[in-house]
Amino acid sequence: MTTPTLKRIHHVAYRCRDAAETVAWYEKALGMTYTNAFAEDHVPSTGAYDPYMHVFLDCGGGNVLAFFELPNQPAMGKDPNTPAWVQHLAFEVESEAELVAAKAHLEALGIDVLGPTWHGIFKSIYFFDPNGHRLELACNIGTAEQYAELKSVAPLMLAEWSQTKQAPQHAAWLHQPPAEDR
């Protein structure tokens with residue numbers, strides 16, 4: 001049996017409260033392009049009756065973000081056992097200048113934005129879409145050497161974490177911001 005050769009993520013799908021509102025928000029806030037929609041009364045994979053609208057947005061680079069509006073299902077909820085900061089969708093922007101400009105744009109739309117936050121090899125901002133999904137915009141700031149170091153210690157860190165459930169210190173340098181970011 002052969003392992004599949006993956007090309008890219010075809011799309012990532014989330015639930016939304018209102019498909020039209022969601023499309024308009026992502027177009028206005030993040031400049032995504034609404035590309036297509038599927039609407040069915042029966043779920044193709046299961047045959048179950050569950051009318052839905054499935055919308056697709058191009059986020060650049062061949063990446064697609066999709067949403068389902070499910071009017072016959074109970075209201076959307078969140079996993080009460082997972083902190084709000086954990087489940088999020090992160091998009092990459094080209095530079096720190098673009099990150100700062102994106103923050104100003106989002107705030108001008110009345111969206112609360114946290115950050116920029118320094119993460120050693122990238123900086124990011126955080127905010128929520130109208131459905132309560134946490135989003136992140138990030139710009140890479142690391143060096144080739146830093147990325148190589150992180151890749152080399154990743155197996156060691158995972159092995160140590162699996163044994164101890166304590167934060168390994170193999171990349172502790174990652175958490176020491178330069179003076180200009182303190």
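The values are calculated or read from the model by the stated rules, or taken from the named source; none is laboratory data. What you see is a predicted model; the values in this text were computed from it and never measured. Cβ: placed from backbone, ideal geometry, glycine included. Neighbour counts: every protein chain shown.
The set of residues in the range 85-106 being among the charged types (D, E, K, R) and surrounded by fewer than 16 Cβ atoms within 10 Å (Cβ to Cβ) consists of Glu94, Glu96, Glu98.
The set of residues from the range 129-157 being over 14 Å from the mean Cα position of the chain (by Cα) and part of a loop (DSSP other than H, G, I, E, B) comprises Pro130, Ile141, Gly142, Thr143. Counting just the residues of the range 114-127 that are touching a Leu at 6+ places or on another chain (Cβ under 8 Å) and of a type outside the set (Gly, Ala, Ser), which one comes out nearest to Ala148 (Cα to Cα)? Once the filter is applied, the top-ranked residue is Ile121.
Kindly indicate whether any position in the range 33-44 is within 20 Å of Arg134 (Cβ to Cβ) and not small (Gly, Ala, Ser). No; the residues of the range 33-44 include none that is within 20 Å of Arg134 (Cβ to Cβ) and not small (Gly, Ala, Ser). Checked against the criteria, Ile111 does not count as in contact with a Leu (Cβ under 9 Å, 6 or more places away or on another chain) and hydrophobic (A, V, I, L, M, F, W, C). Only a single criterion out of (1) surrounded by 13 or more Cβ atoms within 10 Å (Cβ to Cβ); (2) in contact with a helix residue (DSSP H, G or I) (Cβ under 7 Å, 6 or more places away or on another chain); (3) of a type in the set (A, V, I, L, M, F, W, C) is not satisfied by Leu109, namely (1). So which residues in the range 94-111 are of a type in the set (A, V, I, L, M, F, W, C) and part of a loop (DSSP other than H, G, I, E, B), if there are any at all? Result: Leu109, Ile111.
The condition of being modelled with pLDDT of 95 or more and surrounded by fewer than 18 Cβ atoms within 10 Å (Cβ to Cβ) does not hold for Glu69.
Applying a threshold of 6 Å to beta carbon distances and a minimum spacing of six or more residues, or different chains, the list of pairs starting in the range 35-54 at a residue that is at negative phi and without any contact (Cβ under 8 Å) to a residue 24 or more places away in the chain and ending at one that is surrounded by 11 or more Cβ atoms within 10 Å (Cβ to Cβ) and acidic (Asp, Glu) reads Val43/Asp50. If you check Val23, Val86 for being touching a residue at least 24 places away in the same chain (Cβ under 8 Å) and β-branched (Val, Ile, Thr), only one passes: Val23. Please go through the range 45-93 and pick out each residue that is in a loop (DSSP other than H, G, I, E, B) and either of a type in the set (Phe, Trp, Tyr) or touching a Gly at 6+ places or on another chain (Cβ under 8 Å) (or both). Result: Met76, Lys78, Trp85. Can you confirm whether the range 141-153 contains a residue that is crowded, with 17+ Cβ neighbours inside 10 Å, touching a residue at least 60 places away in the same chain (Cβ under 8 Å) and of a type outside the set (Lys, Arg)? No, because not a single residue in the range 141-153 is crowded, with 17+ Cβ neighbours inside 10 Å, touching a residue at least 60 places away in the same chain (Cβ under 8 Å) and of a type outside the set (Lys, Arg).
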